[in-house]
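Data first, discussion second: the structure below is written as structure tokens.
The values are calculated or read from the model by the stated rules, or taken from the named source; none is laboratory data. Keep in mind it's a predicted model, so treat the numbers as computed, not measured. Cβ placement follows ideal geometry from the backbone for every residue including glycine, while neighbour counts extend to all protein chains displayed.
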Amino acid sequence: MEMKGFLKFVLVLVMGMVLVSVCSGDVDSFRDCYAKCFIFCMIEPNQTLCTCTTQCLKECIFPSLPGTMAAIDHPHTQNLGYCKLGCATSLCSNISKAHDPDGKNVESCVGSCTNKCTMSYTSSSP
């Protein structure tokens, strides 16, 4: 019984640290989004590491749904977003562990995907 109480305390402590860093602006927006999404996803019953990683990458790479006015104004933005999501899913999804989203390394990995997709897209444009 005491172990359950301790685990709840640790969970609340970790969530509190994430929320404090999000509110204080200590880290940038992708890392905030990913860490918060991942922690809350893993708390839900029947969620797997793979499901949470994929869901949070998608949610944080596309903070608003594709097809909004921003995507219409800049049609290449949506294509770059999908490239980035595919790259991030294949290269970055194994970084997070069930007990640690490791937002800093995921953010760095996703950043490298941004560079790869931008270079690939611009080099193939007519």
Practice task
Of the conditions (1) out of contact with any Leu (no Cβ under 8 Å at 6 or more places or on another chain); (2) hydrophobic (A, V, I, L, M, F, W, C); (3) modelled with pLDDT of 55 or more, residue 57 clears all except one; give me its number.
Solution key: (1)
Handout entry: For residue 115: the one exception among (1) at pLDDT 90 or above; (2) part of a helix (DSSP H, G or I); (3) of a type outside the set (Asp, Glu)
Key = (1)
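Residue-wise test of (1) touching a helix residue (DSSP H, G or I) at 6+ places or on another chain (Cβ under 7 Å); (2) at pLDDT 85 or above; (3) within 20 Å of residue 36 (Cβ to Cβ).
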| residue | (1), (2), (3) |
| --- | --- |
| 66 | yes, no, no |
| 74 | no, no, no |
| 80 | yes, no, no |
| 89 | yes, yes, yes |
| 96 | yes, yes, yes |
| 100 | no, yes, yes |
| 106 | yes, yes, yes |
| 122 | no, no, no |
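Within the stretch 37-64, take every residue that is part of a helix (DSSP H, G or I), loosely packed, with under 14 Cβ neighbours inside 10 Å and touching a residue at least 12 places away in the same chain (Cβ under 8 Å) and give me the one that is nearest to the chain's Cα centre (by Cα).
Here is the first cut: in the stretch 37-64, the ones part of a helix (DSSP H, G or I) are 37-43, 49-61.
Checking which are loosely packed, with under 14 Cβ neighbours inside 10 Å leaves us with 43, 50-51.
Imposing the further condition that a residue be touching a residue at least 12 places away in the same chain (Cβ under 8 Å) reduces the set to 43, 50.
Details: 43: 16, 50: 12 Å.
Of everything passing the filter in the stretch 37-64, 50 is nearest to the chain's Cα centre (by Cα).
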